[in-house]
Amino acid sequence: MKKISILGSTGSIGVSTLDVVVHHPAEFSVAALAGGRNISLLKDQIRHFHPELAAVIDKEHADRLRAILPPDEKTVILWGPAGYREVARHRDAEMVVSAMVGSAGLVPTLEAIDAGKDIALANKETMVMAGSLVVERAREQHVRILPVDSEHCAIFQCLAGHQPDQVRRIILTASGGPFRTLSGAQLADVSPADALKHPNWVMGRKITIDSASMMNKGLEIIEAKWLFGVEMDHIDVLIHPKSIIHSMVEYIDGSVIAQLGIPDMRIPIAYALSFPERLPRREIPLDLIKTSPLEFFEPDLVRFPCMKLARDAGQAGGTMPAVLNGANEIAVETFLDGKIRFTDLPVVISEVLSRHRPTSSPTLDDILEADRWARQEAYCVVKHGINS
Ligand SMILES: NC(=O)c1ccc[n+]([C@@H]2O[C@H](COP(=O)([O-])OP(=O)(O)OC[C@H]3O[C@@H](n4cnc5c(N)ncnc54)[C@H](OP(=O)(O)O)[C@@H]3O)[C@@H](O)[C@H]2O)c1
């Protein structure tokens, strides 16, 4: 029986993780849960899993959550950074699922690593902002970082049993999102509602917009660099609209190893939770006859410049990726609020990147400061107008 804590239990990944727990009661139980503001769902999760601890974003939500829980419920309710720290460090948890969205996940994930917990990593922003720190601290603490992102879980499986120096390149696949076939002119007019309709995956709002803009793939290139210790020049992207091949690794002898499966996050989540074992799950089989043909295309960096912005920021290193990430979070937020157009996303981000003076070998404080600065600059760019 492995006890887990979940940071972001009320999100798409959190809910899928708890579904895996429900289907494997002999393998997993829940030590602690952390949500944000969705106290109604967190209440249901507490009633079902009876964690020792649960944490929410602030005192107001903690008070409201306590008020809607039955008096006999023993779960201790905490809040804010201190509450998230307790969830991340819970003494009984062997593994922490890092599934908050955005930069909010960074500090709790580092707390979990410092407490020696293995990490099932969904929160890619943690790796983008602070990959070097995460890798270093995980090494010091002998902590395993198991990727939950379907592409990285695929690469992890394709690398198993092979020599790292025999890898020629990693090939990340991308669905291309809902706007893959639209022209540049059409992209200027898409609405947040259009962008939130991902063709293959049901996910949280931020990652769904990142998928539509292809920023998600850019973030994943940086994530792959840190997770697998591969230079970014050796990480390619291929558009594969059906999301059946989740990624591939090409070796020096010309062999390419791929991992396939239907697009269902419960598969990579279960693998991260149970590694090196595999858990049986009958209702999610892959039917290659029904899914054929599988097609592949080159990414179009002119219509979707975000991926290149991310690659360049990752190459530049230092605080640049944290700035990219912070500016992107604000660009996505303001797009969802109807304040900027879809095609303004890369404009805002590149403007903020161009204003940044990066720090090399940043500390955690440098990274958090770069994130704060990038958010503030991105709001400024949005407020004072965009020259796109
Ligand atoms: N969804 C996927 O299929 C998928 C696939 C690969 C990777 N990922 C990555 O996994 C992470 C989570 O994605 P998701 O789709 O599950 O997102 P989501 O559905 O939006 O869920 C986000 C979670 O984070 C919590 N949260 C939001 N803001 C917070 C804050 N400031 N402080 C603390 N908690 C906060 C939310 O709480 P409330 O809702 O209670 O406010 C929720 O529990 C992201 O980094 C994403 O890139 C997701």
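Read-outs: derived from the displayed coordinates by stated rules, not from any lab. On a predicted model such as this, the values are computed, not experimentally measured, just so you know. Every residue, glycine among them, receives a Cβ derived from its backbone with ideal geometry; neighbour counts consider all protein chains shown.
Summary of values
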read-out: Top-ranked residue in the range 140-173 [being closer than 28 Å to Gly8 by Cα and among the acidic types (Asp, Glu); ranked as farthest from the ligand (Cβ to nearest atom)]; value: Glu140
read-out: Residue that is nearest to the ligand (Cβ to nearest atom) [pool: residues in the range 121-139 that are under 21 Å from Gly80 (Cβ atoms) and more than 9 Å from the chain's Cα centre (by Cα)]; value: Met129
read-out: Residue that is surrounded by the most Cβ atoms within 10 Å (Cβ to Cβ), among those in the range 197-239 that are within 16 Å of the ligand (Cβ to nearest atom), touching a residue at least 60 places away in the same chain (Cβ under 8 Å) and in a loop (DSSP other than H, G, I, E, B); value: Met214
read-out: Helices (runs of 4 or more DSSP H) fully within the range 285-346 counting 2 or more residues that are within 20 Å of Ile386 (Cα to Cα); value: 306-316, 320-336
read-out: Hey, Lys242 surrounded by fewer than 16 Cβ atoms within 10 Å (Cβ to Cβ) and of a type outside the set (Gly, Ala, Ser) or not; value: no
